[in-house]
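Got a structure for you, questions after.
The values are calculated or read from the model by the stated rules, or taken from the named source; none is laboratory data. It should be emphasised that the depicted structure is a prediction, and the values quoted were computed from it without experimental measurement. Methodologically, a virtual Cβ is constructed for each residue, glycine included, from the backbone with ideal geometry; neighbour enumeration extends over all protein chains shown. Surface areas here come from the heavy atoms of the whole protein model, side chains and all, with no ligands, DNA or RNA. Shrake-Rupley method; radii C 1.70, N 1.55, O 1.52, S 1.80 Å.
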Amino acid sequence: MRGQSRVEAFNKPLGAAEARRGKAISEAYRVFNTKHSAAKRLHRSTYMAAYTAWRAIKSTPDAEGYEVAREAFIKASEVADHREARAELDRAIRAADEAYEAELARAWKREHRMTVQ
């Protein structure tokens with residue numbers, strides 16, 4: 001029976017650590033999704049403005065602002081940049097994993113000290 005209580009004593013902090021890790025990762029994804037959606041909305045509005053300006057002028061290559069509108073449209077046609085949001089997500093997940101591993105190591109040391117004594 002003594003072994004069972006030791007296992008339960010180790011599993012309790014383990015479960016709490018897993019719950020904290022899961023909550024941190026869920027929050028990281030929530031923040032990522034918010035930033036990702038904002039970047040997509042900004043990209044879409046920028047694209048639509050450039051598209052509208054380009055459509056209005058593209059049939060008259062001699063018009064003033066033709067090259068500017070063309071370049072703006074080409075740039076706006078590129079894929080949206082989500083690198084910053086993805087990097088933040090990666091950092092947050094790594095931090096959650098490191099905190100979990102540290103908590104696991106502390107629980108293991110406490111359990112090991114109790115066993116050795």
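Only residues that are in contact (Cβ under 8 Å) with a residue 40 or more places away in the chain and in contact with a helix residue (DSSP H, G or I) (Cβ under 7 Å, 6 or more places away or on another chain): list them for segment 32-49, please.
Phe32, Lys35, His36, Ala39
Looking at segment 41-72, which of its residues are at pLDDT 95 or above and of a type in the set (Lys, Arg)?
Hits for segment 41-72 are Arg41, Arg44, Arg55, Arg70.
Test Leu104 against the criterion of being in contact with a Leu (Cβ under 8 Å, 6 or more places away or on another chain), open to solvent by less than 80 Å² (accessible area, probe 1.4 Å) and either assigned to a helix (DSSP H, G or I) or farther than 30 Å from Phe32 by Cβ (or both), and give yes or no.
yes
Look through segment 72-93, keep the residues that are aliphatic (A, V, I, L, M) and either in a helix (DSSP H, G or I) or in contact (Cβ under 8 Å) with a residue 60 or more places away in the chain (or both), and return whichever of them is most open to solvent (accessible area, probe 1.4 Å).
Residues of segment 72-93 aliphatic (A, V, I, L, M): 72, 74, 76, 79-80, 85, 87, 89, 92-93.
With the extra rule that they be either in a helix (DSSP H, G or I) or in contact (Cβ under 8 Å) with a residue 60 or more places away in the chain (or both), the set shrinks to 72, 74, 76, 85, 87, 89, 92-93.
Numbers: Ala72: 47, Ile74: 76, Ala76: 10, Ala85: 13, Ala87: 39, Leu89: 22, Ala92: 37, Ile93: 40 Å².
Only one residue tops the list, namely Ile74.
Counting only residues that are within 11 Å of Leu89 (Cβ to Cβ) and of a type in the set (A, V, I, L, M), which one in segment 22-39 is farthest from the chain's Cα centre (by Cα)?
Among residues in segment 22-39 that are within 11 Å of Leu89 (Cβ to Cβ) and of a type in the set (A, V, I, L, M), the one farthest from the chain's Cα centre (by Cα) is Ile25.
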